[in-house]
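Student: Got a structure for you, questions after.
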Amino acid sequence: MTTANVALPARDVEQVLREGGLSRFHKKAILVTGAAWTFVAMEILLVGFVAPIFAAEWGLNGRMQGLVNSAALAGSLCGALVLGRLADRIGRRAIFQYAILWYAAFTAITALAWGPWSVMTFRFLAGLGLGGMLVVDPSMLTEYLPPQRRGRLLVFLDFWWPVGLLLATFLSWIFIGHDIGGANSWRWLFLAASFPALLAFVARRSLPESPYFLARQGRSREAAEVLTEITGRPVEPGELTAPEETRSSVRDLWALRLRSRTVTTALVWIALNISYYGLFLWLPFVLQAEKSFSINVYLLLTLSALSQFPGYGAAIWLVERIGRKPTLAAFLVLGGVSAYAFAVADTQTVYVTALFFVGFFNLGAWGAVYPYTSETFPTRLRSSAFGLMEGVGKAAAIAGPYIFGNLYDATGSSTWSLTVVAIVMAAGGVVAAIFGRETRGRALA
């Protein structure tokens, strides 16, 4: 008797990943994508450290500083919208590989800038690659992970973000704090920041295409090979099932079934981006300008970065314990309260404590928003949805540093700028609490 013709039980990609559980492949994927997340954070935040140098060297006011701070965000807006959609059409892997190479090249070229407009141009071009990474990396990781572990491990991706802030702080302390290169210290800083990303490009080539994308394209044999690599168990093409591939459009996100999800998620991303980039791109300047408390600026920035780790740790636990929606809403509201306390602090103890909790709650909310967004939209629109959210979020983020600078110029103080950040952050939490939907435990469509 032969078993050659015995039909294998039909399974979809989601079921194969669920049964396979967490494997060595997942650990590698988390390390590779996490390292890239570190460089994204470092690159975006690095300009905040050199902004005081640019202001002194080129005589920039608050408005112009805001534009310089926002240039990479403007590039990431364009990159997210275009490359997110392209990833849904041609696959995640090509964008995943080459976006980081593009970013690294233009980060290095920023060292050749000769004025504020050239800095903005090179930062914008580097931002195109960052935008691709911001939308494709979480999509790739989502589609590798077993569903029962997806929430916590997607939060763990954002756990790498404060490592980028620490790295930016360390490199700035080395090159600017110790005046390496004299007047050209900032140029050496950008060159140094580009090299780790080049190494990450090599590591990213070891990861395969998304099995969800392959299955939906009817490429069952390739999908089975990737699932075998991911799970460490043999998977046959004949046992895989996938919904028929239908042409999708970004307009589908505004269809009646998805419209409410799209609007709610977009408002949350807008609140997160305005509050985070409005504050953290100006934070080195704000801390240097604050003369009431005699604390080393690099020490305060290190504290701010370190506060984000327990924030992420709490989010990792809470998204599975109480759900994505309540975690996201609570962290945004509490982050807004902390930001206001930081804005009006009149003692050193309140100032330092509030700074700690701003980082704790704001970055914990970022950790919760990625699994929430990933699980809110279907596979055929997931990268497009991330592209849209990153796009509208970065459009708001571009305005954040500019608004901060305008208010600083108008008032001569950072108090009102920080108060606006606090209000926006808390408002995002209210929107999530009232209109958001819980996604914990839902299968990817």
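Student: As a test of reading the structure, rank ARG204, ARG437, ARG251 by solvent-accessible area (1.4 Å probe, protein chains only), most first.
Tutor: From most exposed to least exposed: ARG251, ARG437, ARG204.
Student: OK, next. With the cut-off at 23 Å, report for the stretch 88-184 the share of all Cα pairs above it, as a whole percent.
Tutor: Percent of Cα pairs beyond 23 Å in the stretch 88-184: 43.
Student: Report, to the nearest 10°, how far helix 220-231 tilts away from the longest principal axis of the Cα atoms in the chain, using its own Cα long axis and a range of 0 to 90°.
Tutor: 60 degrees
Student: Carbon and sulfur atoms: what percent of the 1.4 Å accessible area of the chain do they account for?
Tutor: Answer for the chain: carbon and sulfur cover 65 percent of the accessible area.
Student: Then there is this: Collect residues whose amide H, placed 1.01 Å from N in the peptide plane, falls under 5 Å from the amide H of LEU240; neighbours closer than 5 in sequence don't count.
Tutor: Hits under the 5 Å cutoff: ARG11.
Student: Using a cut-off of 12 Å between beta-carbons, work out the net charge of the residues near SER23 (Lys and Arg +1, Asp and Glu -1, SER23 not included).
Tutor: My count for the surroundings of SER23 gives +3.
Student: What FRET efficiency, computed as 1/(1 + (r/R0)^6) with R0 = 22 Å and r the Cβ-Cβ distance, is obtained for LEU199 and PHE170, rounded to the nearest 0.05?
Tutor: The computed FRET efficiency comes out at 0.80.
Student: Where nothing but the Cβ of Lys and Arg (+1) and of Asp and Glu (-1) is charged, how large is the charge dipole of the stretch 87-221 around its Cα centre, in debye to the nearest 20?
Tutor: 600 debye
Student: Provide the three semi-axes, in whole Å and in decreasing order, of the ellipsoid equivalent to the stretch 297-403 as defined by the square roots of 5 times the Cα gyration tensor eigenvalues.
Tutor: Equivalent ellipsoid semi-axes, largest first: 28, 17, 11 Å.
Student: Here's a follow-up. For the chain, take the longest principal axis of its alpha carbons; what is the angle in degrees between that and the long axis of helix 297-321, to the nearest 10 within 0 to 90?
Tutor: Taking Cα atoms only, the helix is inclined about 30 degrees.
Student: To continue, here is another question. Say R0 is 35 Å: what FRET efficiency, to the nearest 0.05, do GLU290 and SER118 get from their beta-carbon distance?
Tutor: Here the calculated transfer efficiency is 0.70.
Student: Okay, moving on. Mind sorting out which of [x] 1.03; [y] 0.94; [z] 0.99 is the real Rg/Rh (Cα atoms, Kirkwood Rh) computed from the coordinates?
Tutor: It is the value labelled [z].
Student: Further question: Any idea of GLU239's accessible area? Nearest 10 Å², probe 1.4 Å.
Tutor: 10 Å²
Student: Hey, another quick one. If the viscosity is 1.306 mPa s and the temperature 10 °C, what translational diffusion coefficient in µm²/s does Stokes-Einstein give for the stretch 187-327 when Rh comes from Kirkwood over Cα pairs?
Tutor: For the chosen part, D equals 76 µm²/s.
Student: Using θ = phi - 60° and the Karplus relation 6.51 cos²θ - 1.76 cosθ + 1.60, list the HN-Hα couplings for the stretch 83-89 in order, rounded to whole Hz, with x at every Gly or Pro.
Tutor: These are the phi-based 3J(HN,Hα) values: 6, x, 5, 4, 5, 6, 8 Hz.
Student: Next question. As an exercise, use a Förster radius of 30 Å and the Cβ-Cβ distance of THR411 and THR349 to find the FRET efficiency, rounded to the nearest 0.05.
Tutor: 0.75
Student: Could you tell me how far the Cα centroid of the stretch 355-386 sits from the Cα centroid of the stretch 124-202, in Å?
Tutor: 17 Å
Student: With charges only on Cβ, +1 for K and R and -1 for D and E, what is the dipole size of the chain about its Cα centre, in debye, rounded to 20?
Tutor: Here the size comes out at about 800 debye.
Student: Given the DSSP H assignment, sum -39500 (n - 2.57) over each helix run of at least 4 residues in the chain and divide by its residue total; what's the result at 222 nm in deg cm²/dmol, nearest 500?
Tutor: The helix contribution divided over the chain gives -26000 deg cm²/dmol.
Student: Let me ask another. Around GLN97, with a cut-off of 13 angstrom between Cβ atoms, what is the net charge of the other residues, counting Lys and Arg +1 and Asp and Glu -1?
Tutor: +2
Student: By how many nm would the segment from GLU19 to ALA183 grow when fully extended, if each residue of separation counts as 0.36 nm and the alpha-carbon distance is taken off?
Tutor: Full extension from GLU19 to ALA183 adds 53.3 nm.
Student: Please give the solvent-accessible surface of LEU141 in Å², to the nearest 10, using a probe radius of 1.4 Å with every protein chain present.
Tutor: Spelled out: LEU141, probe radius 1.4 Å, area about 0 Å².
Student: For ILE434, tell me the accessible area in Å² from a 1.4 Å probe, rounded to the nearest 10.
Tutor: Here the residue's solvent-accessible area equals roughly 110 Å².
Student: Taking all pairs of distinct Cα atoms, average 1/r, flip it, and tell me the Kirkwood hydrodynamic radius of the stretch 28-97 in Å to one decimal place.
Tutor: Kirkwood hydrodynamic radius for the stretch 28-97: 14.3 Å.
Student: Counting only protein chains, not ligands or nucleic acids, how are PHE96, PHE285 ordered by accessible area (probe 1.4 Å), most first?
Tutor: PHE285, PHE96
Student: Please calculate how many Å² of accessible area the chain carries per residue, with a 1.4 Å probe and no DNA, RNA or ligand atoms counted.
Tutor: Per residue, the chain has an accessible area of 38 Å².
Student: Let me ask something additional. Between ARG89 and TRP58, what is 0.36 nm times their sequence separation minus the Cα-Cα distance? Round to one decimal in nm.
Tutor: Result for the pair: 6.8 nm of gain on full extension.
The values are calculated or read from the model by the stated rules, or taken from the named source; none is laboratory data. Only a predicted model underlies this, so the values are computations on that prediction, with no experimental measurement involved. Please note: Cβ atoms are built from the backbone with ideal geometry, for glycine as well, and neighbour counts cover all protein chains shown. When the accessible area is computed, the model is the full protein with side chains, heavy atoms only, and any ligands, DNA or RNA have been set aside. Shrake-Rupley method; radii C 1.70, N 1.55, O 1.52, S 1.80 Å.
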